[in-house]
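S.K.: Shown below is the structure under consideration.
Read the figures in this text as sums done on the coordinates, not as results from a lab. Because the structure is a prediction, the values reported are computed rather than measured. Cβ coordinates were reconstructed from backbone atoms using ideal geometry, including for glycine residues, and neighbour counts include every protein chain displayed.
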Amino acid sequence: MYVTECEIECVTRNVPVLLVNVVVIFFFLMIRRPPRSTLFPYTTLFRSVLTGDTLISAGVKFDKFSAPYIAIAFNSKGAAIFSKVTGENVGKRLAIVLDGKVHSAPRINERIPSGRASITGRFSMDEAKDLAIVLRAGALPAPIYIEEERTVGALLGRDSIQSGVRALLIGVGLVLGFMLVYYLFAGIVASIAMLLNFVIVLGALGWFHTTLTLPGIAGLILVIGMAVDANVLIYERIREELSTGKHIRSAVAAGYNKAFSAILDSNVTTLIAAALLFKFGTGPIRGFGVTLSIGILASMFTAIFVTRIIFDIVTSNKKFTRLPMLQLFKKTNIDFVGKRWLALTLYTIVVISGMTIFFSRGEKAYGIDFTGGQLQEYSFAKPIKTEDIRKALLHIKIKDVSIQSVGEKNEVLIKTSKDVATKIKNEFDKEFKDNPSQIMRVEKVGPSIGKHLRNSAKLAVLWSLIGILIYVGFRFKNLAFAAAGVIALFHDVFVTMGFLAVTGRELNLTIVAALLTIAGYSINDTIVIYDRIRENLKLYRKASMKEIINMSVNNTLSRTVLTTLTTLLAVCSIFFFGGEVLRDFSFTLLIGMISGIYSTIYIASPLVILWHRRGNRR
C-alpha cells in the first residue's frame, strides 16, 4: 500500500538572497522530494467503513486557480456514515481502496455532514481522472457477467467475406447492366454516378473508421440497387418532357426540377429508418444503418448534382438533340381506385392470416436475440443426420435443443437455452471421430439483454412509423396522405412477418433491420405517387380525386416497377450468392419489396379517398 508525498512549501522573504534561496530550494527538492512517480509505503488499518454502493457521483472539477480536484457525493445512507467517520477522524487519513490496493489517502480536515466532499492536492489532470475512475469503479455493486457474445470461426468468416464480395460484384453487374441496356446513354451517366457513389461510401466508411461487417456489405449492395432510384425518377421525368416536344436541354432541366421534391422526400423517409437502426440497433446492425445512411446521402449527391453536370456538358453541344431510351410501359390507363375495396379486403385477409400464423408460433417465432440462449453452427467433414446429432446430445443430457440443417448437408445449426458449446463440441469429437466437426460460429445472448433487445426492436419499428407519419404529414400538409402511407407500411411489414412464420424463419435483429429497410423503401414509392398527386391537383382542378389518383398512379407506374426491379436485382444477388448468414435477411427484403409494389398501388393511394369528402380534394 503506497501514497505519494505531494507538498513542499517555500517562502522567499529576502530579495537580495534570491539566488541563495533558489539553490537551497533546488538542493531541498533533490534531497527531500522524490520524483512524482516515487511511491512510499503507508500503513493502514484495513477496515471498510464506507463502501462504493453508497457513492452517487465522482468527477473532476476545477477550483478558482484552474487546478483539478475530485468532487464526490454520497446518498443519504452514505452521507450519514461519512459524517460520522470524518467527525471522529479529523486530522487522520482516509484510504481509498479498490481491489486491495490503496489508490489515495486524503487527510480529513473537518467533519463533513452534507455527504459532499472534495479531494484536493497537486493533481495532474490525468491523476485526477484516474482517481475519479477508481471511485466510480468501486461503486459497482455486482460482478460483471457476459450477456451478449458472438464468435465467428475463421472458416465461416472467410466464406462469408468471399460470398459477400461475390454477391456485391454480381449485384453491381446486374444493376449496371440493366441501366445500360434500358437507358442507353443515360444509363452510362447513371453508371458513372453509381460507381462514384460506391467510392464515396467506401471513402466515408474509411474516414469514420467504420468496420465493414457482413450486414454492412449487404448494405453496400442494397445501396447500389437503391442508388438508381433517383436516376430512374429523373429519367422518366425527362422522357415525359421530351414527349411534349421540348428541346433536349429544356427537357433535362425540367426533369431534374420536377423530380427533386420526390427524391428529397423519399430519401429522407429512408434516412429516418436508417437513423433508428443506428439508435436502437447493436453491433453489425448499426454497421448496416451507417452504410445505408451514407449510401443514401451519396446517391442523392451523385444523382442530383453529378449526373446534372454531365448532362449540362453534353447537351451544350448543339449536335446532341436526342436522348433515346427503351420504354417498358407505354401510357397506361388502369382503374386502380376502382379495385380499392377488393384490394382492402385482400389486405385485411393477408395481414390477419400472416399475423395469426406468426403469433401462433409463440417463442419459436423469435431468435435468440430476443429470447436469450445460445446458437451454435457446426460444419462436419461429411454429411450427417440430425437424428445422429440428437442422440449424441442425449448422452450429455441436453434436451431443450433445436437442431436444423443449413446450407450443405454437413452443416447444422443448434439452438440451446444454456451455454453448452464446449460440452457439445467435446461430445462431437468423442462420438464422431470419423467425421470431425468445426465450429463456424457461436452466438450467446443472456435473458436480460434479450428482453432489452426485443423492447429496442419494438421501439425502433414504432418510432420509425411515427417519424414517417410526421414527416409525410408535414411535407404534404395533409394527415390523410401520411396515415394512408403508414397503413400501407403495416401491410408490408405484417405480410413479411407472416411469410417468415410460414417458412419457419425466426425474427431477430437482422430481420428487424430488414423490416425497417422495407418500411423506408416502401414509403419511397408511395411518396413519389403522392408527389404526382400534389402536382396533378394543381394542373387538373376540375378533375375528381378518383381521377387524379388514377392518373398519378398510371403516370408513375413505370418508375415504381423499374426501381423495384433494379433493387430486387441487388437483393437477389444477396439471396443467391451472399451465403447462409444473409439468406434470411435477403429473403425478408425480397418479400417486403414485392409486397411494397402492391401496397403502393392498391392500398396507399386509394386509401386517401376515404379521408376526403366529395369535392374536397385538398
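S.K.: For the stretch 324-443, what does the relative contact order come out to in percent, with C-alpha contacts under 8 Å and a separation of six or more?
M.R.: Answer for the stretch 324-443 is 29 percent.
S.K.: Residues with amide H under 5 Å of Ile112's amide H, sequence separation 5 or more or different chain, H placed in the peptide plane at 1.01 Å from N; which?
M.R.: Thr86, Gly87
S.K.: So, one more: Roughly how large, in nm² to one decimal, is the mean projection of the convex hull of the alpha-carbon atoms in the stretch 458-531?
M.R.: 4.7
S.K.: So which trypsin sites (Lys or Arg not before Pro) in the stretch 67-109 are both in a DSSP loop and have at most 15 other Cβ atoms within 10 Å of their Cβ?
M.R.: Hits after loop and neighbour filter: Lys92.
S.K.: In Å, what Rg and Dmax follow from the Cα atoms of the stretch 253-342?
M.R.: Here Rg and the maximum Cα pair distance are 19.1, 55 Å.
S.K.: Per residue, how big is the convex hull around the C-alpha atoms of the stretch 373-445? Give it to me in cubic angstrom, could you?
M.R.: Residue-normalised Cα hull volume stands at 73 Å³.
S.K.: With the Cα gyration tensor of the stretch 290-370 giving a ≥ b ≥ c as the square roots of its eigenvalues, does the rule (a/c under 1.5 for rounded; else a/b larger than b/c for prolate; else oblate) give rounded, prolate or oblate?
M.R.: Here the stretch 290-370 falls in the oblate category.
S.K.: Sticking with this one: In terms of the ratio Rg/(2.2 N^0.38 Å) built on C-alpha atoms, what value belongs to the stretch 51-144?
M.R.: Against the compact-globule rule of thumb, the ratio is 1.05.
S.K.: By average Cβ neighbour count within 10 Å, what is the ranking of 511-522, 563-574, 65-76, 315-326 from highest down?
M.R.: Answer by packing, highest mean first, reads 511-522, 563-574, 65-76, 315-326.
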